[in-house]
Structures are given as C-alpha cells and as structure tokens.
Amino acid sequence: MVVYVDLIFLTNLCIDGTLIGLTAWMRQTKLVWWRWLLSAVVGALYVVMMFVPEFDFLFTFLIKFAFSLVMLSVAFGYKGLQAFMRTLGTFYVINFVAAGGILGVHYMLQSSGELFNGIWFTASGGMSFDLKIAFWFTFIVFFAVLLLFKIVQSAKRKTNRLTNYLGKVEVCIDEIVVSCTGLLDTGNQLTDPLSRMPVMVMEVSLWQEMLPDSWKNRLKNEAPDSLILELDREQFEWQNRLRLVPYRGVNKGTAFMLAIKPDRVKVSMDGTTYETTKVLIGLDGRALSSDGKYQAIIHPELVQEAASAPSKAPSAEATEKPLNVV
C-alpha cells in the first residue's frame, strides 16, 4: 500500500483550517492569518504522526484532546476561561456536525447489500460495523456539510436579528381592529408633509374586506389617486379618513401612497406597549415580507416614549420637510 503523506498533510491542513475558520465565524471572532495557518499546521502534523510507529502513544483520548486545546490556543489565544470554553465547545460541535454529516451521507448512498455486508457479530454477541469511506468522498462531503451548516446558521442569525425588531401591531378604526406583526424600520422617515404624522405601511390585503369592492387587487398596479376619484360613484364610510401621501421610491420618481387615518394604533415590542392617535396607515399592494414574517413597517416614532404622550401641533413657523424617501 502506497501512502502519500504530503497529500494527507495538505488535505488535513485544509480541513483543520476550515474548522478553525468556521469556529471563528460562529464565535464572531476575527482571526490573525498567521495564527490561523499555524493552528492548521499543528492539526495536520498530528495526523501525519500516525504513520510513525514510535508515536503510537499519541493516539489516545487525552492526547487528542490536548492537541485540540493547543490548536485553539494558537488560533484564538487565551482571553479567559469562559471565552475559551465557549470556543472549545463550538469547535467540537462543528467537528461532530462534519463527522456526522459524512457518515450520514455515506450510509444514505449505500445499498442494503453493502450495508449488511459491513456488519459482523463479535464473540460476545455484539455487533460491529466495518466502515470504509473513500478519501475523495470524505474530502468533498466534508466541505459540502460545513457549507450547508454555515448556510443554516446564517439564516438562523438573520431570523434572530429580525425577531428583535418585530412587534405586534393593532390598528383601530371605529369598531374594527386589524392586528398583524410589524417590522421596526429605524431608517423609515415616511411622514405626511401636511400633518407631519408618521406613516406606518401595511399590506392592503389586511384591509380588503373594509375597502370598496372595485379596489380589490388594484392598489398594486394602479395609482391611488385614480381610485379615490371613483369614490364619487360609490359609498365608502371611511372616505373622510383617506389621505394621499407623496413619497419617492428608490430609483423611481415621485408617487403617492394611499393612507387611512385610524382612531388609534398600538405597538407592542419587548414587553412595552405604545399607543398613539397621531399616525397614518399607508396601504401597500405588495407583500412586505417574502416569507410572511411581518405585514407592516413600523415607523420609529411610534415606539418612542413620546408616542404615548399628546403630540403638539406643528407651528406655523415650522419649515416644510423634504419629500419622503422610502
């Protein structure tokens, strides 16, 4: 049997470097390139030692664990016991995910005959498995599993960050209450230039039953001012609540958004409830979230302490705000 030690060293260098890099990504720690490389070299050298008979004593649990501590110390340094233990735990979780993924894919691709041929019984009556995994299969599946793991973790982080900005929204008009989940957009500056009221955008689908029948599915493609003109031929009890709010979209010209003046709006976030009457509800014909996690865009002024207090009317000397940009 021919063993290419250089190939084994380079392969394990890539694998150990990937494990260290993914550990740093999970721990949100920036690596120094030479520490990263030196740590991977330490791990790769350990694997090469298995081909030296004099070093067979190194392949025990305690020595393996000690080498992992050395690798992490070289890569991340020692910044306290708690931080080091968290890094160690993350490192082993990633290793177990990679190893489990390789075994899972290996057995998933095996036929029943190959699987049973690899099972044999010991003298004591136990079962043992003969595991033979090709080198290139291990190499390719290893990186595929870790790539999938990173994608899943990235999606989870994005969801967790998004959850911090989600809140419950209740809009009250007469006896009707419309509830949904809203996303706080701290960069949202959409306000009505006349009343200076902030505008909270909601999906028009939440209001379909209350709007005129002729408006259904039309706000997405038609200008709202043309829809308002049709109200002369229809009866709409909220006609006096309608507003047209000008805004400027990204890479688009000036347009108008149809808005409704509610009686009050409640926003609940982080255990705090904010209530205000000084707000407009902008109706958007599109789905605001592709995965349906929220149906409204909360204006940042609505979750300030001042939102629950009576707001002052704008003075005559107040300068006009620039056109809204959303």
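Using heavy atoms of the protein chains and a probe of 1.4 Å, the accessible area assigned to Phe67 is about 50 Å². Sorting Leu166, Leu58 by solvent-accessible area of protein heavy atoms yields Leu166, Leu58, largest first, with a 1.4 Å probe.
Heavy-atom accessible surface of Phe9, to the nearest 10 Å², is about 50 Å², with a 1.4 Å probe and all protein chains retained. Sorting Asp16, Asp270 on solvent-accessible area from highest to lowest, probe radius 1.4 Å, gives Asp270, Asp16. So which of Lys158/Lys261; Lys30/Lys156; Lys220/Lys293; Lys168/Lys261 end up more than 26 Å apart by C-alpha? Exceeds cut-off: Lys158/Lys261. Accessible area per residue was computed with a 1.4 Å probe on protein heavy atoms; Trp36 scores about 100 Å².
The values are calculated or read from the model by the stated rules, or taken from the named source; none is laboratory data. Just so it is clear, the structure is predicted and the values come from calculations on it, not from any experiment. The protein model used for the area step is the full one, side chains on, heavy atoms only, and it has no ligands, DNA or RNA in it. Shrake-Rupley method; radii C 1.70, N 1.55, O 1.52, S 1.80 Å.
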